[in-house]
Every structure is written in structure tokens, then in C-alpha cells.
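S.K.: Starting off with a structure, shown below.
The values are calculated or read from the model by the stated rules, or taken from the named source; none is laboratory data. As the structure is a prediction and not an experimental result, all values here were calculated from the model. Glycine gets a Cβ as well: all are built from the backbone with ideal geometry, and neighbour counts include every protein chain shown. Remember, those area values only see protein heavy atoms, side chains included, never the ligands or the DNA or RNA. Shrake-Rupley method; radii C 1.70, N 1.55, O 1.52, S 1.80 Å.
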Amino acid sequence: MNKLRLIWKGLIKENPTFVLLLGMCPTLGTTTSAMNGMGMGLATMAVLILSNIVISCVKNIIPDKVRIPSFIVIIASFVTVVQLCMQAYVPELYKTLGVFIPLIVVNCIILGRAEAFASKNGPLDSALDGLGIGLGFTLSLTVIGAVREMLGSGAIFGHRFITGDGMLIFVLAPGAFIVLGYLMVLFNKLTAKQRQ
Amino acid sequence: MVLVLLGITFVSSAAVGFVYRVTEEPIEQAKQANVKSALAEVLPAFDESVSQELVLDELALTVHTATQQGQTVGYAVETATKNGFSGLIRMMVGFDAEGNVLNVKVLEHNETPGLGSKMADEGNPLLTSFQGKNPASMKLSVRKDGGEVDALTAATISSRAYVDAVARAYNAYLQASGNEGTDVTTGATGQHAQQEGESYE
């Protein structure tokens with residue numbers, strides 16, 4: 001029960017995008033379509049779970065002073081691993097996400113969870129925390145991507161449902177801010193009671 | 001303290017090195033498959049292709065010469081341009097033996113989604129203005145600059161870059177095929193090209 005709550009927390013109460021407002025750069029940059037948002041979310045989740053487990057395992061041998069550099073090295077290694085794997089097995093997705101994959105290294109969500117959770121809890125709990133936060137991030141990015149894709153290109157997951165052009169602004173950078181803002185309002189309105 | 005950090009970096013780099021070794025081959029295969037499918041799209045049926053590297057204006061180009069039963073049926077040029085709106089644009093241009101453009105496929109680009117990204121769509125105006133024509137017989141620039149190429153709406157920079165890449169591909173084709181013909185240059189490529197410190201005339 002407690003374990004379930006760990007995952008649930010990442011989805012609602014501590015949703016990284018809509019509540020913690022972490023990782024805004026990839027959120028705004030990659031959500032031009034639902035597929036891209038989901039791909040980015042899943043890649044981040046993979047890195048988050050792996051780095052959380054490892055950091056939680058080695059937390060006792062890392063001296064406090066070199067904590068942050070150690071975390072960064074571990075996270076960066078996992079990002080490189082994920083990047084190489086994507087390049088090898090899902091080249092299509094890698095092509096669209098391209099530059100944002102290396103940027104997962106400096107995504108505050110991952111370092112934030114390492115610092116706030118994994119360095120204080122056991123490996124299993126840390127993995128679940130990573131899963132929860134990762135799912136929350138993936139879900140948020142997919143929703144933002146889906147809304148932007150629907151309004152901007154009149155399609156969902158690449159399937160067009162209107163002919164002609166959508167409202168282009170939603171695919172461009174300003175649309176990312178507009179959609180993110182409104183979704184944040186909606187999310188906080190809907191979950192206001194639950195979070196109290 | 002130092003030892004722990006050293007240990008962590010050592011183990012991490014070993015892990016990354018291991019994954020690199022494992023994925024090296026699939027990555028190479030994925031790249032090859034990509035090139036192969038692009039070749040099939042821009043060329044008529046062929047049974048053999050030989051590739052050759054060229055360097056034009058500091059950019060590396062690859063020319064694939066396709067033959068069917070010993071007869072040259074076409075050339076596919078992997079071309080690129082730095083004049084895009086954001087980052088390098090890589091394209092594959094297919095020519096028949098006479099130098100007419102058969103098809104163009106955009107391999108890689110980072111143009112604005114919904115604007116410049118249309119250059120990669122099927123049947124976009126840029127592609128249709130080139131298809132079936134010989135670049136040497138055209139005024140190679142977008143209509144806005146007095147040329148014969150239909151640009152993408154609201155994406156003039158991307159369109160100019162596209163024309164630039166095709167012109168480059170044609171020059172590479174001339175060099176590779178040894179056909180008679182003069183190098184083509186694109187017309188006014190506008191401010192963006194000048195900012196990059198490149199000249200075309």
C-alpha cells in the first residue's frame with residue numbers, strides 16, 4: 001500500500017511538470033507532438049529509475065563533499081547508455097529527440113530526486129519513486145504534446161483528423177508556454193482538494 | 001574522497017564503454033539501412049551501387065552511382081547545406097543518367113515544425129519544382145529572388161537552403177559522372193548566407 005502511494009505521489013501530488021515545475025526545458029522543447037513528448041518522458045524515466053537505484057545503493061560510500069559530482073557522473077553515464085541504445089534500436093525516435101537526449105543529464109528532476117529521495121532511501125523505494133516521478137513526467141509531456149499536436153497540426157499521434165493546417169503557433173515555442181500554462185491551471189484546479 | 005570519486009568515474013566509464021561496444025554494430029546497421037531506403041526512394045531500380053566521397057565548399061558529399069546490369073541508371077548524392085534556419089540540413093538527391101532530378105529526400109533537418117519542416121513532406125512545392133528537371137536548365141533560386149523554384153510559404157530561409165543543397169548535389173553529380181556541363185550556382189541566397197560568410201557568385 002505504502003509502495004503504491006510512492007508511485008501515485010509522483011503522478012499527482014508531486015507531479016514534476018505541473019506541481020514541482022522541474023525539467024521545464026525539455027518539457028517546452030520536445031512536446032511538439034504527442035509521440036515526441038512520450039518518447040522524451042520514457043527516456044527520462046529510464047534514466048531516472050536506473051540512476052535512483054544506483055545512487056541509493058552507493059549512497060553510503062559517497063562522502064558528502066563529492067556527492068553532487070558523483071551523482072552527475074552516474075546520471076551522465078546512464079544518459080549516454082540510453083542515448084546509444086536509442087540510436088541503435090529506435091533510430092526514428094532518436095532522430096526527432098536528438099539534442100534533447102544529452103540534456104537529460106542536466107534535467108533537474110533527476111538530480112533533484114537523487115538528492116531528495118535516493119540518497120536517503122533504499123534501492124526498492126528509490127526505484128518506485130523514480131517510476132512514479134517518471135510516469136508523471138511522461139504523462140504530462142504526452143498530454144502537452146497531444147494538445148499542441150491537435151491544435152497545431154490537427155493530428156494525434158501522427159494521425160491527421162483535419163485537412164489543411166492547424167494553428168501553427170501551438171507547434172512553435174509560444175504555443176508551448178500557452179498550453180503548459182493552461183494545463184497547469186487545469187491540473188491544479190482538479191487536484192486542489194486531493195493535495196490538501 | 002578522491003578515491004571514491006575516481007572509483008565512480010572508473011566504473012561509469014567502463015560501463016559506457018561496454019554499452020558502446022555492444023551498440024556499435026546496430027547503430028552502424030541502422031545508418032546503413034537508412035541510406036539504403038533513401039537510395040531506393042530517389043533512384044530507379046538498380047542492382048549495384050558504388051559510393052564515392054567528394055568535398056565541395058568544405059562539406060563532405062557522398063555520390064552513389066547506381067548501375068543495372070553494368071549500365072549506369074542514376075546517381076544519388078548525399079548533400080548538405082549549412083544555410084538552414086537551424087542547423088545542418090542533409091538531403092539525398094537522385095539524378096538519372098542525364099542529370100534530371102528524379103526525387104529528393106530530406107534525411108535530417110531541424111527546421112521549424114510546421115514551416116520549414118514541410119520540406120520533408122511528400123509533394124511539397126520545392127520538390128515538385130525540381131522533379132523531372134535538369135538543374136542546369138533552371139534559374140536556381142526561389143521565385144522571391146527571381147528564380148524558378150516555388151518556395152514553401154513563410155519559410156524562405158529553409159527554401160533557399162533546400163535550393164542550395166540541390167545545387168551542390170548537382171555539382172557533385174557533374175564531377176562524379178564526368179558529364180559535360182557547367183557548375184550551377186544559386187542566385188541571391190540572401191542575408192542569411194552572407195551572415196555565414198559564404199559567397200556563391
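S.K.: Heavy atoms of the protein only, probe of 1.4 Å, neighbouring chains included. What is the accessible area of A:Thr96 in Å², nearest 10?
M.R.: Using a 1.4 Å probe on the heavy atoms, I get roughly 80 Å².
S.K.: If you plug each phi of the range B:111-117 into the Karplus form 6.51 cos²θ - 1.76 cosθ + 1.60 with θ = phi - 60°, what whole-Hz ³J(HN,Hα) values come out, in order, with x for Gly and Pro?
M.R.: Along the range B:111-117, the couplings run 5, 4, x, x, 10, x, 5 Hz.
S.K.: Let me ask something else about it. Relative contact order for the range B:43-195: what percent, with Cα pairs under 8 Å and sequence separation of 6 or more? Each step should come with its number before you reach the end.
M.R.: Working: 322 pairs, mean separation 30.0, N = 153.
Contact order relative to length: 20 percent.
S.K.: Accessible area, 1.4 Å probe, largest first: how do B:Met91, A:Met184 sort?
M.R.: Solvent-accessible surface, decreasing: A:Met184, B:Met91.
S.K.: Okay, next question. Cα to Cα, under 24 Å, and not fewer than 8 places away if on the same chain: which lysines meet these conditions relative to A:Lys3?
M.R.: Counting by Cα, and skipping residues close in sequence, A:Lys3 has these lysines nearby: A:Lys13, A:Lys59, A:Lys120, A:Lys193.
S.K.: Considering only protein heavy atoms and a probe of 1.4 Å, how much of the accessible area of the range B:12-131 is carbon and sulfur, as a whole percent? Before the final figure, lay out the partial values.
M.R.: Details: 2980 of 5980 Å².
Of all accessible area on the range B:12-131, carbon and sulfur atoms account for 50 percent.
S.K.: Measure nothing fancy, just the Cα-based angle from helix A:34-58's long axis to the longest principal axis of chain A, in degrees from 0 to 90, nearest 10.
M.R.: 0
S.K.: With the other protein chains left in place, how much accessible area per residue, in square angstrom, belongs to chain B at a 1.4 angstrom probe?
M.R.: That works out to 51 Å² for each residue.
S.K.: Here is a further query. What residues does the range A:82-102 have that are buried by at least 40 Å² of accessible area in the full protein assembly compared to the chain on its own, 1.4 angstrom probe?
M.R.: Buried-area filter returns A:Leu84, A:Gln87, A:Ala88, A:Tyr89, A:Lys95.
S.K.: Explain nothing, just the number: dipole magnitude of the protein assembly as shown about its Cα centre with +1 on each Lys and Arg Cβ and -1 on each Asp and Glu Cβ, in debye rounded to the nearest 20. Spell out each step's value before the answer.
M.R.: On the way: 28 positive and 33 negative charges, 506 e Å.
About 2440 debye.
S.K.: Counting pairs of alpha carbon atoms under 8 Å apart in space and at least six apart in sequence, what relative contact order in percent does chain A give?
M.R.: Details: 291 pairs, mean separation 73.0, N = 196.
After rounding, I find 37 percent.
S.K.: What accessible area per residue comes out for chain A, rounded to a whole number of Å², with a 1.4 Å probe? The partial results should precede the final answer.
M.R.: Working: 9260 Å² over 196 residues.
Heavy-atom SASA per residue in chain A reads 47 Å².
S.K.: Still on this structure: Give the interface area between chains A and B as buried accessible surface, both sides summed, probe 1.4 Å, in Å² to the nearest 100. Could the numbers behind the result be given before it?
M.R.: Details: alone 10160 and 11220 Å², together 19540 Å².
In total, this chain pair buries about 1800 Å².
S.K.: Can you list residues whose amide H is under 5 Å from B:Gln68's amide H, if they're 5+ apart or on another chain and H is modeled 1.01 Å from N?
M.R.: For B:Gln68, the qualifying residues are B:Asp47, B:Val73.
S.K.: Next up: What is the set of long-range amide H partners of B:Ser141 at a cut-off below 5 Å, with H atoms built 1.01 Å from backbone N?
M.R.: B:Gly147, B:Glu148, B:Val149, B:Gly187
S.K.: Can you send over the solvent-accessible area of B:Met1, 1.4 Å probe, protein chains only, in Å² to the nearest 10?
M.R.: Estimated to the nearest 10 Å², B:Met1 gives 110 Å².
S.K.: Any idea how many Lys pairs in chain B come in under 22 angstrom at the alpha carbon, given 8 or more places apart or on separate chains?
M.R.: Lysine pair count for chain B: 13.
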